[in-house]
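Trainee: Quick one: this structure, given as structure tokens, is what I'll be asking you about.
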Amino acid sequence: MSELWTPGSGDPREPSSTPDGAPAGPTGESSPAPTAEELEAVRELHERLAATPVADVIVNHAIGIWQLALVHLGVVTPPDEQGARPAPDLAAAGLAIDALAALVDGLTDRLGDGEPMLRDALLQAQMLYVEIADAQA
């Protein structure tokens, strides 16, 4: 069974393998060998990723977390045919908002030019959460 790598848990470059020694896929099963084209595509992706500032990648992912919170708050989902919007899932929205807060607060002054925008997005999501929670009470 493969485990999630975390700093200090071993060498992430050592792939997990199946009992027959073949590389293990996400489900622990043998995967077919990648084609030359697939390997080249992965190399190109890694080169582009390595050339992108890490703060930019983190800000981009944080925006995705913010969008996830808005979806679970029900404020960005289009209404159905009858004009009804889905009910907010406050627990899921709260988790996404807390994750965004952990990134923004935990990486203070390390997110570069994207930090002020993320702080505004976090505040907006928090205020929407309170507004929607109060309306349901």
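The values are calculated or read from the model by the stated rules, or taken from the named source; none is laboratory data. Bear in mind that the values here come from a model prediction, so they are computed numbers and not experimental data. Ideal geometry is used to build each Cβ from the backbone, glycine not excepted, and the neighbour counts take in all protein chains shown.
Trainee: If I filter the stretch 106-137 down to residues being under 20 Å from the mean Cα position of the chain (by Cα) and acidic (Asp, Glu), which single residue comes out as surrounded by the most Cβ atoms within 10 Å (Cβ to Cβ)?
Mentor: The extreme case among them is 115.
Trainee: Determine, yes or no, whether residue 35 is free of Cβ contacts under 8 Å to residues at least 24 places away in the same chain, out of contact with any Phe, Trp or Tyr (no Cβ under 9 Å at 6 or more places or on another chain) and within 27 Å of residue 121 (Cβ to Cβ).
Mentor: Numbers: free of Cβ contacts under 8 Å to residues at least 24 places away in the same chain: yes; out of contact with any Phe, Trp or Tyr (no Cβ under 9 Å at 6 or more places or on another chain): yes; within 27 Å of residue 121 (Cβ to Cβ): no.
Spelling it out, it is not the case that residue 35 is free of Cβ contacts under 8 Å to residues at least 24 places away in the same chain, out of contact with any Phe, Trp or Tyr (no Cβ under 9 Å at 6 or more places or on another chain) and within 27 Å of residue 121 (Cβ to Cβ).
Trainee: Continuing with the same structure: Out of the stretch 21-32, which residues are touching a Ser or Thr at 6+ places or on another chain (Cβ under 6 Å) and either at pLDDT 75 or above or in a loop (DSSP other than H, G, I, E, B) (or both)?
Mentor: Matches in the stretch 21-32: 22, 25.
Trainee: Could you list, in sequence order, all residues of the stretch 86-137 that are part of a helix (DSSP H, G or I) and among the acidic types (Asp, Glu)? Spell out the reasoning first.
Mentor: Taking the stretch 86-137 and keeping what is part of a helix (DSSP H, G or I), we get 90-106, 112-136.
Residues satisfying the conditions are 98, 105, 113, 115, 120, 131, 134.
Trainee: Give the residues of the stretch 33-50 that are among the small types (Gly, Ala, Ser) and either modelled with pLDDT of 95 or more or not in a helix (DSSP H, G or I) (or both), sorted by residue number. Give the steps one after another, and end with the answer.
Mentor: Going through the stretch 33-50, the residues among the small types (Gly, Ala, Ser) turn out to be 33, 36, 41, 50.
Within the stretch 33-50, 33 is the sole residue that qualifies.
Trainee: How about the stretch 51-85: which of its residues are hydrophobic (A, V, I, L, M, F, W, C) and either more than 24 Å from residue 107 (Cα to Cα) or in a loop (DSSP other than H, G, I, E, B) (or both)? Quick ask: steps written out before the conclusion?
Mentor: If we filter the stretch 51-85 for residues that are hydrophobic (A, V, I, L, M, F, W, C), which is where we start, we get 51, 54-55, 57-59, 62-63, 65-66, 68-71, 73, 75-76, 84.
Selection gives 71, 73, 75, 76, 84.
Trainee: Return only the number of the condition from (1) out of contact with any Gly (no Cβ under 6 Å at 6 or more places or on another chain); (2) closer than 19 Å to residue 131 by Cα; (3) surrounded by 15 or more Cβ atoms within 10 Å (Cβ to Cβ) that residue 88 does not satisfy.
Mentor: (1)
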